1. If I filter segment 158-166 for residues that are among the aromatic types (Phe, Trp, Tyr) and touching a Gly at 6+ places or on another chain (Cβ under 9 Å), do I get at least one hit?
2. Can you name the condition, by its number, that ASN216 falls short on among (1) polar (S, T, N, Q); (2) open to solvent by less than 40 Å² (accessible area, probe 1.4 Å); (3) at pLDDT 90 or above?
3. So which residues in segment 424-446 are modelled with pLDDT of 95 or more and part of a strand (DSSP E or B)?
4. Only strands (runs of 3 or more DSSP E) wholly contained in segment 323-390 count here; list those with 1 or more residues that are open to solvent by less than 20 Å² (accessible area, probe 1.4 Å) and under 30 Å from VAL270 (Cα atoms).
5. Would you check if GLY241 is under 30 Å from PHE143 (Cβ atoms) and surrounded by fewer than 24 Cβ atoms within 10 Å (Cβ to Cβ)?
6. Run down VAL284, VAL270, VAL276, VAL291 and say which single residue is farther than 20 Å from ASN197 by Cα and either at pLDDT below 90 or touching a Lys or Arg at 6+ places or on another chain (Cβ under 9 Å) (or both).
7. Answer with yes or no whether SER315 is farther than 30 Å from GLY227 by Cα and assigned to a loop (DSSP other than H, G, I, E, B).
Amino acid sequence: MMTSPIADFSIRTLISILTLFIVCVSSNPGVFNVKYRYPRLQGSLSALKEHDDKRQLTILAGIDLPLGGTGRPDILGLYYAKIGIGTPAKSYYVQVDTGSDIMWVNCIQCRQCPKRSNLGIELTLYDIEESESAKLVSCDEDFCYQISGGPLSGCKANMSCPYLEIYGDGSSTAGYFVKDVVQYDSVAGDLKTKTANGSVIFGCGARQSGDLDSSNEEALDGILGFGKANSSMISQLASSGRVKKIFAHCLDGRNGGGIFAIGRVVQPKVNMTPLVPNQPHYNVNMTAVQVGQEFLDIPADLFQPGDRKGAIIDSGTTLAYLPEIIYEPLVKKITSQEPSLKVHIVDKDYKCFQYSGKVDEGFPNVTFHFENSVFLRVYPHDYLFPYEGMWCIGWQNSGMQSRDRRNMTLLGDLVLSNKLVLYDLENQLIGWTEYNCSSSIKVKDEGTGTVHLVGSHFISSAFSLDTSLFSLLLLLLITLFLL
């Protein structure tokens, strides 16, 4: 799709600047600056599938990551946080990932690591020699034993503990573990913060491949894993007594950004369902699927976890993937609401159609039911997205994926946006509630019992502007666009 140079510049620049006004939250334990961006509109919807393939990342009240990102399917989204590492602290931009465990950043020794990014951020290579608080993690330390499942062959006591992480698309990161201070903001009262820190073991990336190497134009400094394992940052901070092993996110599907907080959320109230035990991801027991007022006729054993089945909640996935036995009747019921629709297949995977009415009035809600009578409702404006004058269906057929994912139900940002999702690993529960993710939440300080209001903040970046300059530039861009 071609546009004039002025219009193209105006639209993309306006979008980039508007996305700077993001939402963030603070809780007594700590706050990481989390940013988001609206990247350029993609010429092909296949980019969304490629993004999802990569997925397959004294007691304080909690840690707040002022969250940025966009889960809109028509725009390739990315959520990332700005954190401080080392003494003195340097800033690093890391992708927030609930689908993986370890945190890692690119290191000074890396030759394949990206040196620049078109996200408007300055990339930084971590150098252990420049941090007074850094130390190598050796092969004989407990952390190395635990993450490796026992002693590593050829790994001696005087050697650094190595790591290797391979992602679903074949990209990988390899290096060695380091322990250093991670800096964040601690809530000092309602809408007030102070600097705090905690020691965390993370990977020092010395070799990257695939989409993580220097060819990636939208590169970051690393990944911040919020998985269930003991190696994740939240598990490490919890084991040191600094936080409770509880966190929540609220992804703003309307404006981008949202909330990401570690700590006990007391408002809003959230209905919870059990996490499936002994699973590496955030698996839940799904019991039924409802389209409008009708329940789909689905075999009960399809929802049983294990053997490549079950349902996974993953904020790092953009779309939502359903087994063919769910996908086919669900999409059929959606499109049958408007018999005159002419459905087109776009980029091999997307069913799209032209529709001039209001989608929330013309198409049904989709509701997923879970154990403990918990349900997750998805509205037409969530699962339908605009593309080149058409509306496209965001549901994807996992039966068309690899054999390992053929019967998998994977619920990503398509269904999680505009909901506060609470992960209670202390009690092995997860839950959600519909919420305005540009508002605020309340988080409890476990030490004092005080409840703090955590609200929205402006996060400065390479594109930061004050309000008056923003208004002036906004007017200029609108004028250019009209011309």
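1. Yes, that holds for at least one residue.
2. (3)
3. ASP424, LEU429, ILE430, GLY431, TRP432, THR433, GLU434 - these are the residues of segment 424-446 that are modelled with pLDDT of 95 or more and part of a strand (DSSP E or B).
4. Of the strands (runs of 3 or more DSSP E) lying wholly inside segment 323-390, those with at least 1 residues that are open to solvent by less than 20 Å² (accessible area, probe 1.4 Å) and under 30 Å from VAL270 (Cα atoms) span 366-370, 374-378, 384-387.
5. Taking the combined requirement at face value, the residue satisfies it.
6. Numbers: VAL284 fails: either at pLDDT below 90 or touching a Lys or Arg at 6+ places or on another chain (Cβ under 9 Å) (or both); VAL270 fails: either at pLDDT below 90 or touching a Lys or Arg at 6+ places or on another chain (Cβ under 9 Å) (or both); VAL276 fails: either at pLDDT below 90 or touching a Lys or Arg at 6+ places or on another chain (Cβ under 9 Å) (or both).
None of the other options fit; the residue is VAL291.
7. The answer is no for SER315.
The values are calculated or read from the model by the stated rules, or taken from the named source; none is laboratory data. This structure is a prediction, so every number in the text was calculated from the model and none was measured. Note that each Cβ is placed from the backbone with ideal geometry, even for glycine, and that neighbours are counted across all protein chains shown. Keep in mind that these areas ignore ligands, DNA and RNA; they rest on the heavy atoms of the full protein, side chains included. Shrake-Rupley method; radii C 1.70, N 1.55, O 1.52, S 1.80 Å.
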